[in-house]
C-alpha cells in the first residue's frame, strides 16, 4: 500500500484529486493506457487546472490479498491521506474506478462529521463504480472462496448484501441531508467484457453505476477496464474530469467565503488553548479550560477513549476539532489535571456531558465558592452506572476544589470486601507516615490517622460503599475542617451514612439531548446516518451513562469493521448486547488487570440477595413493561405473593428498584440483567 503525490497542490490552491483504483488492479495498471498515457500525469500537466494537487492511492487487492477487507482499505486510505497532508485540502475530489468508488464513499460516510466540521468539500468522479455490487464479483465468487478473498466476496451483487446496502442507504442519507458539501459525476461503461467466455456482460450495470448524481454519461466504446485508461487530453473522460474540477472550483467561490458560525470556536477557549500550546498559560486559563471540560464545552479524549488522542471545542451540538497534535493533547491533559497532595483518585475522563448542574450542586454543598460547606458530608447515590465515580473524580481535580481544600485529597474505593487496614495505611503514606497498615488493630491506625488530619483542610472521598460499617473507620479519622464525599448505589447505606436527610444527593440520569450528544461523540457516523434509531436507543436506555458508553463503543467498532449496525441497534435497545459487553476501561479491576462485563458490575448487587429475592427480581425481566414501572398490586400478581412488601423493601434498599410517586421504577439495563438471570 502506498499513496504518492504526482504533484502537490500549489500554496494558494484549494483542491486535491485522489485517484483510487478497483479490485484486482493497482494505482499503476488501472489508469495507464496501452500507449503509455497515465491519467494522473495527464491531469497534473493540464494548464487549465494548474496548481491542483494530484495523488494516487494503491492498496492491497491481488488474488492473494485474502482477508484484507474493504474496511481495511478504507482505514489505509484515511491514514495515508492524513500522513501525506491530503486531508488538509479545502476540496478533495476522488476519481474512483470500480470498487474504488465504494472505498471512497465509505470513507466519506465514516468521516462525515470531521469533513463537515472542517468545511471540506467533497467531489466524487465515479468511473464504472457500482453502488450495490457487481456481477464481476459474482464471477469472482469461486475464486474469492478459494483464496478467502474478502473484497470480492463483499462486492457480490445480491439484494441481501447488507454491507453494500447499508453503505448505499447511509451515503444517500448523507447526500440528501445537505450537511456536507458534496457533488459528483458518474461515468458508465458501454460495451461487454469477454473473459474466455466466463463473463459477457457489463460489469457495472447502468442501474447500479448511475445512482447518486443524476444522469450518468455512457462512455462510447468503453468496457469496464478501458474506461479508466485515457489515451490523451482529448479523451472524453479526461475532458469531463477537468470540466468537473473547474465547475466545482467556481461553485466553491460562489458559496464560501465565510465559514458557518458553528465552525468558529469561542474566542476565550481558543486563546487559552493557544497559550497552553506555547507554554504561557495562566491560572485563569486553567480555570477557564477546566470549567469548559467539566461542563461539556471542551472535549479531550485519550487514545483509550476515542481511538486516538483528540481535543475538540463544542459549538452547539457539534464537536469542532482543535488543530493540535497528540503531544499537545497530552500537554493539555497534564495542564488541566495537575497533581495534588494526598492520595488522588484515578484521572477522570476530560469530557463530562450533562453533568454541569450536578458538579455545581456538589460544589455548593462543599461551600464552593462561599467558603463554608452547607453539608460537610454529602452522600451521592444513584443507579449502577449513572456516573457517581466519574463525578467525584472530576470534583477531586477541580481548580475550585483545590482552593477550598488546599491540603489535598484522600481517596479510597471500598468495594464489597475492602481491605480497611491496608487502605488506612495508604492514606498514612500519602501524608508521610509509614507503618499504619502494620498497626495491631484498625482502631490504633484510626487514632494515629486522626491526629494527622485534626487541623487539615482536605477533601475526603470514600467511593463505592456497600456497607456503612466499612466507611466508619475512615469517617472517624476526619478532622473538622475536612469535606467528605461518599458514593453508594444502595439507598439504605446512603441513609445510614448521611447525618441528615438532605445530606443525600441523588445523581439523575442524563437528559435526552445529553444522551444523544454523548452517543454522537462516541459513534458520530452512526448517529448521523441513523439518527431516529439512535434517538430511540437513548430513550430505551433511559439516559444511563454506562449503557450509552458501552453502546456507543460497540456501534463505533461495528462501523469501523464496515458492517451493518441494524441488528446491533435492535439488540442494544433490548439490552441483550449490553449485558455481555465489557464495561468502559475506567471500570477496570486494577488488582486483577481485567475489565469486567456489564453483567458482572450489575451482579455485584444481585449477589447480595437471598435466593427468593433474587428470583423475584429475575421475574421482572419477563414481565416488565417499558418504561418499567409497577405498583404493589402488579408486583404481587407477577410474584404470586399475598404481601410483596418485604421483598420490595429489600430490592429498594439494594438500589435495584426506586420508589416514585406511589409506584416503583426499574431501569431498563436492570430489566435486561433480570432477564439474563432467567436464562438457563
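The values are calculated or read from the model by the stated rules, or taken from the named source; none is laboratory data. For clarity, every value in this text was computed on a predicted model and none was experimentally measured. Methodologically, a virtual Cβ is constructed for each residue, glycine included, from the backbone with ideal geometry; neighbour enumeration extends over all protein chains shown.
Key figures
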read-out	value
Subset tally (residues that are within 16 Å of residue 529 (Cα to Cα), assigned to a helix (DSSP H, G or I) and either at pLDDT below 85 or touching a strand residue (DSSP E or B) at 6+ places or on another chain (Cβ under 8 Å) (or both)) for region 548-567	5
Set 426, 430, 450, 471: member being surrounded by fewer than 23 Cβ atoms within 10 Å (Cβ to Cβ), in the same structural domain as residue 402 (by TED's automatic domain parsing) and free of Cβ contacts under 8 Å to residues at least 60 places away in the same chain	450
Region 433-447, subset closer than 22 Å to residue 344 by Cβ and in contact with a helix residue (DSSP H, G or I) (Cβ under 6 Å, 6 or more places away or on another chain), residue surrounded by the most Cβ atoms within 10 Å (Cβ to Cβ)	445
Single residue of region 235-262 satisfying the filter (outside any helix (DSSP H, G or I) and surrounded by 13 or more Cβ atoms within 10 Å (Cβ to Cβ)) that is modelled with the highest pLDDT	235
Residues of region 474-500 satisfying the condition of being assigned to a helix (DSSP H, G or I) and surrounded by 22 or more Cβ atoms within 10 Å (Cβ to Cβ)	474, 477, 493, 494, 497
When residues of region 330-348 are limited to those that are farther than 22 Å from residue 379 by Cα and not in a helix (DSSP H, G or I), the one nearest to the chain's Cα centre (by Cα)	337
Which numbered condition residue 636 fails, given (1) modelled with pLDDT of 85 or more; (2) at positive phi	(2)
Helices (runs of 4 or more DSSP H) wholly inside region 358-435 containing at least 1 residues that are under 30 Å from the mean Cα position of the chain (by Cα) and modelled with pLDDT of 90 or more	388-397, 399-404
Subset tally (residues that are touching a strand residue (DSSP E or B) at 6+ places or on another chain (Cβ under 7 Å) and more than 15 Å from residue 183 (Cα to Cα)) for region 99-117	4
Some residue of region 107-114 being in a loop (DSSP other than H, G, I, E, B), surrounded by fewer than 23 Cβ atoms within 10 Å (Cβ to Cβ) and touching a residue at least 24 places away in the same chain (Cβ under 8 Å)	yes
